[in-house]
Amino acid sequence: MKTERTACSRCSRFLLAFVVLFSARMAAAKESFDIARYVSPPGWHRTQSAKLLMFQISEERNGEAGSGQIRVFPSEPSRGAPAQNFEAAWSKLILAASDEIGQPQQRETEQTPDGWTVNLGTADYSRMGLPSRAILVNATGHGRTMSMVAHVQGQGLLADVEAFFKALDLVAGPVQPPSKSKTSAAVPADEPPPTAPAKTAAGDGGSIGNYVFTPPKGWARADFPDGVSYVSPPNPETGEKCQLTIFPMRAGSGDLLRDAVGAFQGIFKVDPMTHYPYPDPKIAKGTSPFGWEYLVLRKEIGEGTYVGETTAGAIVFVARPGSNVALIVGTSSPFLVSHCFGEMFPDQWPPFFHTLRFKNFREKVSDEAMAARLLGSWTSFGGHALIQYTFDKSGRYASGSAVGYTSRVTRDLVETTTYGFRGDGTWAVRGNTITITEDKDKRSPDVGLFRLEQESEDASSWKERLCILNKYGDICYRREP
């Protein structure tokens, strides 16, 4: 066996598992996809079509939260040497899909007894502040080439990925039709998505056309002629089912607010800019650190049993990653009580938003320019707590927080006690990630995903806000004058 290796000290155990890639023969019955024969990883959700075989999971292993995705793409005629096929696949499937990943940090090449040249590459990166690994396996032989990609968060799931590739075989014969998935997602017939006038672009898994994203955990996917929808499982207490629908790109008017209002009216048949007696609309607009402008319009709709009562919450998101406009629509129960997009429970929209990318869009805002927009003081109020950050251009920050507690002394006297805390340290911006490191705790930096926006309820008066999604949740701060 001819082997060509580069230095790989941090992941040698993981890479060595691929030495026997495609040569193992396991007792479990194998299913077919294109020229691949595979065994599904236990506990992973499978989605299969003619253009993609995908497995996804999100769960805790050994006390550590983790998530994983494996994608197997159809084989195609080989157009170059094995190394060239690998490099082309890395550019198309890794680099084009994420701005957070660079060139492979480790490479291995193996010649298998079955006549395949297998190139393996891995790259470690940070996703939502958590260490992650991207893996590409490209096999070339018998006139064809086939690529497989895995993204893994958490060491506990790496063993599943190893076992999947170790059990996978390739056949040199004719292409076999894919078997139907027994676990493909489906949306109930009584909950169809809104209809758009455009035709869908091809896409599977966490992508459609020019969109690249990670859907909320556990939401079921369904493809439709005019887009793709993700539907949450019913809430065990309320029965609430929420939905995200990603529509194909469409021509825009040049004004994102006009585009959002037009889409809202076309889908929900109501004017989102109405006010009393119904809740005011909430509008947020900004520019992603990756360079595209966007606007989010939230409005409660539906008529309840009394004046001003609503029955649903609707979100319309539009973005301009080029000449056309992207459109994503979310629906839920009214925001005050929703478990998906609500104000009282963890909101699924910020985590979804931070995974959103657009293929072939490269007009990234420089880290220096984005950091300059964050300079100054920002304050967040919530309940009895106050948090404030002041970011300086030197890369230093000062913070202050206060927590108030009340207690009844007598029937007519309530005592309020306020405790204040102060901290100082360094801060830095990279892409859509902000890292805040306190001087007295440099080993535990606070890493979060941020968005800098302007918000309004009437589209005429705007206030600037900075929202940071970290381990504590999504916290928004208002800029101090």
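Please treat every number below as a calculation from the coordinates, not as lab data. All figures in this text were calculated on a predicted structure; none of them were measured in a lab. Note that we place each Cβ from the backbone using ideal geometry, even for glycine, and neighbour counts take in every protein chain shown.
General observations
- Legend: Rg and Dmax of the range 207-358, from Cα coordinates, 15.1, 44 Å.
- A full extension of the chain between residue 276 and residue 224 corresponds to an added length of 15.1 nm, given 0.36 nm per residue minus the alpha carbon distance.
- If R0 equals 45 Å, the separation of the Cβ atoms of residue 238 and residue 458 corresponds to a calculated FRET efficiency of about 0.90.
- For the range 105-161: Kirkwood Rh in Å [reciprocal of mean 1/r, alpha carbons]: 12.5
- The GluC sites (Glu not before Pro) of the range 233-329 meeting both criteria, a DSSP state outside H, G, I, E and B (loop) and at most 15 other C-beta atoms within 10 angstrom of the site's C-beta, are 237, 303, 309.
- Our estimate of slack between residue 479 and residue 394, defined as 0.36 nm per intervening residue step minus the Cα-Cα distance, is 28.7 nm.
- When you count the other C-beta atoms within 10 angstrom of each residue and take the mean per peptide, 432-438, 251-257 line up highest first as 432-438, 251-257.
- Calculated FRET efficiency for the pair residue 96/residue 155, C-beta based, R₀ 30 Å, to 0.05: 0.65
- Segment residue 312..residue 443, full-extension length gain: 42.7 nm, with 0.36 nm per residue of separation and the alpha-carbon distance subtracted.
- Computed E for residue 269/residue 363 - FRET, C-beta separation, R0 45 angstrom, nearest 0.05: 0.80
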